[in-house]
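Student: Structure in structure tokens, see below.
Here, each number is a calculation from the coordinates, and none is a lab measurement. All values derive from a computational prediction rather than experimental measurement. Here the Cβ positions follow ideal geometry from the backbone for every residue, glycine too, while neighbour counts run over all protein chains shown.
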Amino acid sequence: MERTRLSADLRMRRHAAEFVRDVTARSRLPLDYSVASLRVVDFVVDGLRKSGRDRTAVGHVLFGLGVYAGEVLVRRAGAVWVEFDEGQRELFGQPVGVRMPDGRVWNPLGKVVKRFEAGERESLRTFYLQLHGRARTGLPGLPGQSGSAAAGGAGDRGAAGASDGL
């Protein structure tokens, strides 16, 4: 399992770096892995949405933006890329996501798709701000807490995690 996690982590980090290099070379977008840059992601997704193209036509760009958003969580919030298990893949509709330091699993790739489909109410910047620094009670192995970490999300394929339904 550790080997799979590392390969997902390395693979997605490389993909994010390549995406940023290619996009910034073409468009000079300020993608610097900052929390503020997630507003840029929101704006880019909104532009794709307003272009009238369907999701499949812009799927590769949405995937790249989702990887970038996930990498912001990795770099700024201490998350790590993980392969989703079969149940999580079915629930989230994505092969990978991020695990936050509190043990929760989130789906930034799906969150970008939700922004594309639903518009402004699905902000990537707000997504980050809602997740970062969150504590979860009931995680095993933490002093004074018991229980288990959920790795799913009440059928919310785009948002990500636990029962929060973000």
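Student: Short version: ³J(HN,Hα) in whole Hz for each residue of the stretch 114-123, in order, from phi by Karplus 6.51 cos²θ - 1.76 cosθ + 1.60 (θ = phi - 60°), x for Gly and Pro, what are they?
Tutor: Couplings: 4, 4, 4, 7, 10, x, 4, 5, 10, 6 Hz.
Student: Please list, by residue number, every one of the GluC sites (Glu not before Pro) in the stretch 39-135 that is coil in DSSP and has at most 11 other beta-carbon atoms within 10 Å.
Tutor: Answer by residue number: E120.
Student: If amide H atoms are built 1.01 Å from N in the plane of the peptide, which residues on other chains or at least 5 residues away come under 5 Å of the amide H of V96?
Tutor: Counting only residues 5 or more places away or on other chains, the set is F84.
Student: Right, something else. Under a crude label model (7 Å from the Cα following the beta-carbon direction), how far is T56 from R76 in nanometres?
Tutor: 3.4 nm
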